[in-house]
Structure formats: structure tokens, C-alpha cells
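The values are calculated or read from the model by the stated rules, or taken from the named source; none is laboratory data. Being a predicted model, the structure only gives us computed values, none of them experimental. Note: ideal-geometry Cβ built from the backbone for every residue, glycine included; neighbour counts use all protein chains shown.
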Amino acid sequence: MISTFQALAVALLFILPGAAYTFALERVGGSFGIKLVDRIFRFLAASAVFQALLSGLELWAYREWIASGRLGRGDLPWPLVQLAAMAYVLVPIAVGSFVGKGQKERWGWVIAFTGDSPEPRAWDHLWRRNARGIVRVRLKSGSWLAGIYGINAAGVGSYASGYDEEGDIYLAEALIVDGETGAYELDEDSRPLRTEGSPGLLIRWAEVEYLEFEEIA
């Protein structure tokens, strides 16, 4: 009979590929699981897919390594065991990262599996594309602020919070605008001027009444 420990080990081996895939997918493509239950169903389903795809290879490994007694006797080259263990984890992570990238960049075949609207909010849809642009906001206090959503000269990047955290955004560079009208102060090439020292801006969505985003190359 199978012991409790063996049953637990089999269960962990079954769900490990799906869990690794799901975590990698959410790390790259965004974490939009509304509840823990949703995430559990996702990696269980992914685990079932990986097990179906690897079932033939797993049966071969069972016959050659376990049923034959070779693994118990230590009669296997350690590099082969090391490679198999690493592949069991790294392959799902690589697949999850690849699918996450495809979801983020809207690859057609990925969208067919993940859906064409994975983001739960327009906020997430806008910022997760990693677009570079000019952001101008009017606060509820009535004043205007503006900045660059991108990477500044020091290599510091902008950042926007994702679901399901409260919305806020960090703009790597602030622009000079009229606090009352929102009009930009322009240079001789009609480009918005950056503030001296190029400080960043941290803005909470709860304080914003209106936001403009103009994508730039």
C-alpha cells in the first residue's frame, strides 16, 4: 500500500509543474487572479496539461528508474538525475514566462488560450503595455501635474501599481506645467520642459480627477 508520505510526494510532484508555470506566467504577464481559489484552479489545470504532455516520458522513467530498482540502488548517473529534476521545474517556468510575454504583447495564439481582455481594470490595461508617454493629471484639488512615464537619464524607470493594489503611479521625470491651466511650458522645439534636476512624481489615483496619456516613441 502507498504510505501517506508517498501519496503526498506524488501529489506535490503532480502540482509542481502547474504551480511553477502559473507563478512564471503571472510574474511576466500580470497577476490578475481575483482570489486564491482562482489561482489554485489555474495551476491545477496547468498541472493536468503538463502531466498529459509528459505522461509517456514519465512512464518510461518509472519503468527504467523506479520499477527496475536502479534509483533505489543509486545505479543512475547523478548528472542525469540532476538534469531531470531541473527540467521538471525549469521547463514549466520557461513556458509560463513565454506565455506571459505573449499575453502581454497580445500574440494571437496566446490570446486564444488566455482571452483578449485579461486585465480587470482600464488602469492595468494602460500601464502593463510598458508604453512610454507623457502623463498629465488634474488633481481633485484643482491643480495640474505632468511627467514622463518611461526611464529617466539616470536609468530610473516609471512604475504603476497593478491589480489588486490601490492605484498609484510613479513618473520618473516631472514636467513644467501651469498649475491652474495645465498648459505645458515648451522649449524652442515645442517640447515640454522638464523640471530642474528632473525629480520624479508619485501620484495616488485616489487624488486624481482627470488623467491624459500621450504615447511617445
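Applying the criterion of being surrounded by 15 or more Cβ atoms within 10 Å (Cβ to Cβ) and on the phi < 0 side of the Ramachandran plot to the residues of segment 177-197, the residue that is modelled with the highest pLDDT is VAL177.
Just to be sure I understand, how many residues within segment 138-175 are hydrophobic (A, V, I, L, M, F, W, C) and over 16 Å from GLU212 (Cβ atoms)?
The qualifying residues number 5.
For residues that are surrounded by 15 or more Cβ atoms within 10 Å (Cβ to Cβ) and either assigned to a loop (DSSP other than H, G, I, E, B) or not assigned by TED's automatic domain parsing to the domain that holds LEU201 (or both), tally how many sit in segment 157-175.
Adding up the residues that qualify gives 6.
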